[in-house]
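Report on the following structure.
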Amino acid sequence: MTAPLLEVEDLRVDLRTPRGTAHVVNGLSYTVGPGETVAVVGESGSGKSVSVLALLGLLPERTATVTGRALLQGEDLLTMAPERLRRVRGPGVGMVFQDPMTSLNPVLTVGRQLTEGLRAHGPVSKAAARARAVELLGEVGLPDPGRAVDRYPHELSGGMRQRVVIAMALANSPALLVADEATTALDVTVQAQIIDLVERLQAEQGTGVIWITHDLGVVAGIADRVLVMYGGRCVEDGTVDDVLERPVHPYTRGLLGALPDLATADDADLATIPGTPPAPTDLPAGCVFWPRCPVRGDARCETEQPPLAVVGAGGGELPHRAATWCAEGEAS
Amino acid sequence: MTQLPAPGATPAAPPPAEPLPTTTPARPRWRETLGLLARNPTAAVSATVLVLIVLVAVFDETLAPYGPNEQDPSLQLQPPSRDHPFGTDEFGRDVFSRVILGAGTSLRVGFLSVAFALVVGTLIGLVAGYYGRWVDDTLMRLMDVLFAFPAVLLAIAIVAIRGAGPANAILAIGIVYVPIFARVTRASVLGVREEVYVRASRSVGASDWRLITRHVLPNAAPPIIVQTSVSLAFAVLAEAALSFLGLGPRRPNPSWGLMLADGRGFIEQAWWYAVFPGLAIVVTVLCFNLLGDGLRDVLDPRQRTLMAGGGR
């Protein structure tokens, strides 16, 4: 395997809150190779967004404590000098934020915001920056980019704004693109366009992608690997086929089981996972999932935290791993 | 029925893949703001009156029928008449002319002191709010110390140390208002700083300077603008108070505050001597306050939507 683009090791994020310390990310490790797409899935509050914000130092300094290592092309993002980190933001890692309504500054035109990244990383003339902005808007499929570039965010629809946000992240051709619910607000046709665009970038420039989503349909379409997060931990990871076709962790199974499909009868109740995710200020001892787990097949569930261990036949370069006591014997 | 009528849809143009929304015409935000302001009667009238007052202050020499210190001993303390519409004072000077000539002093002190407070206070608030931590603590505790003194007392103390005169009055009033601007700015910055677009801009590598000037300040500006307008009212009042106490512009220069102070001694024989400069102060202060209220309504995005919607 070629050297990974991003190597995250034992990432932990604690946030100080009025109700005590919230352990939002608890020992997350993964790698992203060049041209590879890693999908991070999990419920709201499972620590997906925080884990990627932490990489770029975008969490509020006074409340967040980040430990671990995150090597981007061999350089640790977490210990990097602020000015160096600023240079990495953009060309190193581009980030797409999830809420298109609040991710754009209401008082600046689309073009000004798009070119901000370009002009932050070296002298670019106004005309050249504008030309690039128009080009980028065209690439993300915005109609009439020559006119859209001079518009203000409130003059665009939600879907159009989201595409501007995506274009902003792509402006510096980042080595790693982090998309936090990037297409959740878009309708499926636009979503498909964006996915095409990202896949083309990956093919052309070897961009690595971290795709945070709870849309398992998108995951199946674009991801090479899947990482399932729950309670700030990775509970299962592996190739798309392994995780989606042969899920091992009871949580992953629940997540997949909760997917409605068109064949489901209209009056049938939707399948759910009972209960709510644990509060990060008060994580259960043992397996983070046990209070909601339908299996609880092992005495250690409530007391001992299961390690992320290789399951199934896999092994090799992309092992299928799961953190559960209930896998043994079932995975074959 | 083959097709539902689409409410509000333009019948002629076939919809493209995704039409550009046409709810808001593409025009700059400040023009929209001015338009809304013009439709707010109170604010519009206040703004007009203020413009008139400024014009009077600018063309005071041309407009005033008499010089500021033209005395006519035969016309002491005369009631308002055709020749002297606001009457005369104890030296036979024309009160009307002196009110006109005093406008410049009052407004100059007001504008300059507020400009000073605006620049210094906003800068302090921006830095404190944006950087937070010890920078914030240090700057804001300093502001608290300034804030702890009653405003006029602090201004009197500053003038007492530096000596009376218009320049020191400006400085004193300016310093008094610095903490107000610092606090308003900081509070506004604290909110804007956490906006996703600031984070998004940081995530593409924008520098602190860029974030502050392009993203934080413009979005934090509305409360600061309103504060400016309200402070102008207070500053005109403070100038009057300092002059009244003999700490501002010196006699015989015309100043509304000074005239009020001098007229007070003759209030029983010659009400016009104190009332007309007093009225000038009241009208100016009232207009600044009302304009501030109007600006606040217009610059509040929620109110703005309501008003824009109602107007169409």
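In region A:29-64, what residues are part of a helix (DSSP H, G or I) and within 14 Å of another protein chain (Cβ to nearest Cβ)?
If the condition is that a residue be part of a helix (DSSP H, G or I) and within 14 Å of another protein chain (Cβ to nearest Cβ), then A:Ser49, A:Val50, A:Val52, A:Leu53, A:Ala54, A:Leu55 are the ones that fit.
Yes or no, residue by residue, for (1) closer than 23 Å to B:Pro223 by Cβ; (2) within 20 Å of the chain's Cα centre (by Cα); (3) of a type in the set (A, V, I, L, M, F, W, C); (4) at pLDDT 90 or above:
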{"residue": "B:Leu139", "(1), (2), (3), (4)": "yes, no, yes, yes"}
{"residue": "B:Asp144", "(1), (2), (3), (4)": "yes, no, no, yes"}
{"residue": "B:Val152", "(1), (2), (3), (4)": "no, yes, yes, no"}
{"residue": "B:Ala157", "(1), (2), (3), (4)": "no, no, yes, no"}
{"residue": "B:Pro166", "(1), (2), (3), (4)": "no, yes, no, no"}
{"residue": "B:Pro179", "(1), (2), (3), (4)": "yes, yes, no, yes"}
{"residue": "B:Val189", "(1), (2), (3), (4)": "yes, no, yes, yes"}
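With the requirement that a residue be over 11 Å from the mean Cα position of the chain (by Cα) and closer than 11 Å to B:Ile173 by Cβ, what does region B:100-111 give you?
As a first pass, look at region B:100-111 and keep what is over 11 Å from the mean Cα position of the chain (by Cα): B:100-106, B:108-109.
Listed by number, the list holds a single entry, B:Val109.
Please name all residue pairs, on different chains or six or more residues apart, with Cβ atoms under 6 Å, provided the first residue is in region A:57-79 and is under 16 Å from A:Leu15 (Cα atoms) and the second residue is basic (Lys, Arg).
Filtered contacts from region A:57-79: A:Leu58/B:Arg199; A:Thr63/A:Arg16; A:Thr67/A:Arg12; A:Gly68/A:Arg12.
Considering only region A:84-97, state which residues are within 21 Å of the chain's Cα centre (by Cα), at the interface with chain B (Cβ under 7 Å from one of its Cβ atoms), modelled with pLDDT of 85 or more and farther than 13 Å from A:Ala182 by Cα.
A:Arg86, A:Arg89
Take B:Ala220 and tell me if it is under 20 Å from A:Val110 (Cα atoms), at the interface with another protein chain (Cβ under 9 Å from one of its Cβ atoms) and not charged (D, E, K, R). Even if it seems obvious, please write down each step before you answer.
Working: under 20 Å from A:Val110 (Cα atoms): yes; at the interface with another protein chain (Cβ under 9 Å from one of its Cβ atoms): no; not charged (D, E, K, R): yes.
So B:Ala220 fails the test.
Contact list please: Cβ distance under 7 Å, first residue in region B:125-145 and within 12 Å of another protein chain (Cβ to nearest Cβ), second residue surrounded by fewer than 14 Cβ atoms within 10 Å (Cβ to Cβ) and not in a helix (DSSP H, G or I), pairs at least six apart or on different chains.
B:Gly132/A:Arg62; B:Arg133/A:Arg62
Of the residues A:Gly68, A:Gly111, A:Gly146, only one is more than 9 Å from chain B (Cβ to nearest Cβ) and in a strand (DSSP E or B); which?
Details: A:Gly111 fails: in a strand (DSSP E or B); A:Gly146 fails: in a strand (DSSP E or B).
Within the list A:Gly68, A:Gly111, A:Gly146, the selection yields A:Gly68.
Residues in region B:203-215: is at least one part of a helix (DSSP H, G or I) and either touching a strand residue (DSSP E or B) at 6+ places or on another chain (Cβ under 9 Å) or closer than 30 Å to B:Pro252 by Cα (or both)? Even if it seems obvious, please write down each step before you answer.
Initially, region B:203-215 is screened for residues part of a helix (DSSP H, G or I), giving B:203, B:208-215.
Cutting the leftovers down to either touching a strand residue (DSSP E or B) at 6+ places or on another chain (Cβ under 9 Å) or closer than 30 Å to B:Pro252 by Cα (or both) gives us B:203.
Yes: one or more hits.
If you check A:Arg163, A:Arg200, A:Arg225, which single one turns out to be over 27 Å from A:Leu28 (Cα atoms) and touching a helix residue (DSSP H, G or I) at 6+ places or on another chain (Cβ under 8 Å)?
Values: A:Arg200 fails: touching a helix residue (DSSP H, G or I) at 6+ places or on another chain (Cβ under 8 Å); A:Arg225 fails: over 27 Å from A:Leu28 (Cα atoms).
A:Arg163 is the lone residue from the list that is over 27 Å from A:Leu28 (Cα atoms) and touching a helix residue (DSSP H, G or I) at 6+ places or on another chain (Cβ under 8 Å).
Take the residues in region A:31-76 that are closer than 26 Å to A:Ala258 by Cα and of a type outside the set (Gly, Ala, Ser); name whichever of them is surrounded by the most Cβ atoms within 10 Å (Cβ to Cβ).
So the first thing to find is which residues in region A:31-76 are closer than 26 Å to A:Ala258 by Cα, and the list is A:37-52.
So of that shortlist, the ones also of a type outside the set (Gly, Ala, Ser) come out as A:37-38, A:40-41, A:43, A:48, A:50, A:52.
Values: A:Thr37: 25, A:Val38: 20, A:Val40: 29, A:Val41: 25, A:Glu43: 16, A:Lys48: 26, A:Val50: 21, A:Val52: 22.
This residue is A:Val40.
Working carefully through the options A:Pro100, A:Pro123, find the one that is more than 9 Å from chain B (Cβ to nearest Cβ), touching a Leu at 6+ places or on another chain (Cβ under 9 Å) and either buried (at least 22 other Cβ atoms within 10 Å of the Cβ) or modelled with pLDDT under 85 (or both).
On the way: A:Pro123 fails: touching a Leu at 6+ places or on another chain (Cβ under 9 Å).
One residue alone meets the criteria, A:Pro100.
Give me the pairs, please: first residue somewhere in region B:152-175 and touching a residue at least 60 places away in the same chain (Cβ under 8 Å), second residue anywhere and assigned to a helix (DSSP H, G or I) and of a type in the set (Ser, Thr, Tyr), beta-carbon distance under 9 Å, and either six or more positions apart or on two chains.
Close Cβ pairs (under 9 Å, with a partner that is assigned to a helix (DSSP H, G or I) and of a type in the set (Ser, Thr, Tyr)) amount to B:Pro166/B:Thr105; B:Ala169/B:Ser113; B:Ala169/B:Ser243; B:Ile170/B:Ser113; B:Ala172/B:Ser113; B:Ile173/B:Ser113; B:Gly174/B:Ser113.
Going residue by residue through region B:226-248, is there one that turns out to be in contact with a Lys or Arg (Cβ under 8 Å, 6 or more places away or on another chain) and either more than 26 Å from B:Gly87 (Cα to Cα) or within 14 Å of chain A (Cβ to nearest Cβ) (or both)? I'd like the intermediate steps shown before the answer.
Step one: of region B:226-248, the residues in contact with a Lys or Arg (Cβ under 8 Å, 6 or more places away or on another chain) are B:226.
Imposing the further condition that a residue be either more than 26 Å from B:Gly87 (Cα to Cα) or within 14 Å of chain A (Cβ to nearest Cβ) (or both) reduces the set to B:226.
Among the residues of region B:226-248, at least one is in contact with a Lys or Arg (Cβ under 8 Å, 6 or more places away or on another chain) and either more than 26 Å from B:Gly87 (Cα to Cα) or within 14 Å of chain A (Cβ to nearest Cβ) (or both), which makes the answer yes.
Listed here are the residues, each with its yes/no results for (1) assigned to a helix (DSSP H, G or I); (2) aliphatic (A, V, I, L, M); (3) closer than 16 Å to B:Pro277 by Cα; (4) at pLDDT 85 or above.
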position	(1), (2), (3), (4)
B:Val51	yes, yes, no, yes
B:Pro68	no, no, yes, no
B:Leu77	no, yes, yes, no
B:Arg98	yes, no, yes, yes
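In region B:197-224, which residues are under 16 Å from B:Tyr131 (Cα atoms) and in contact with a helix residue (DSSP H, G or I) (Cβ under 7 Å, 6 or more places away or on another chain)?
If the condition is that a residue be under 16 Å from B:Tyr131 (Cα atoms) and in contact with a helix residue (DSSP H, G or I) (Cβ under 7 Å, 6 or more places away or on another chain), then B:Val198, B:Arg202, B:Ala206, B:Ser207, B:Arg210, B:Leu211, B:Ile212, B:His215, B:Val216, B:Leu217, B:Ala220 are the ones that fit.
The values are calculated or read from the model by the stated rules, or taken from the named source; none is laboratory data. What you see is a predicted model, and the numbers here were worked out from it, not measured in a lab. Glycine gets a Cβ as well: all are built from the backbone with ideal geometry, and neighbour counts include every protein chain shown.
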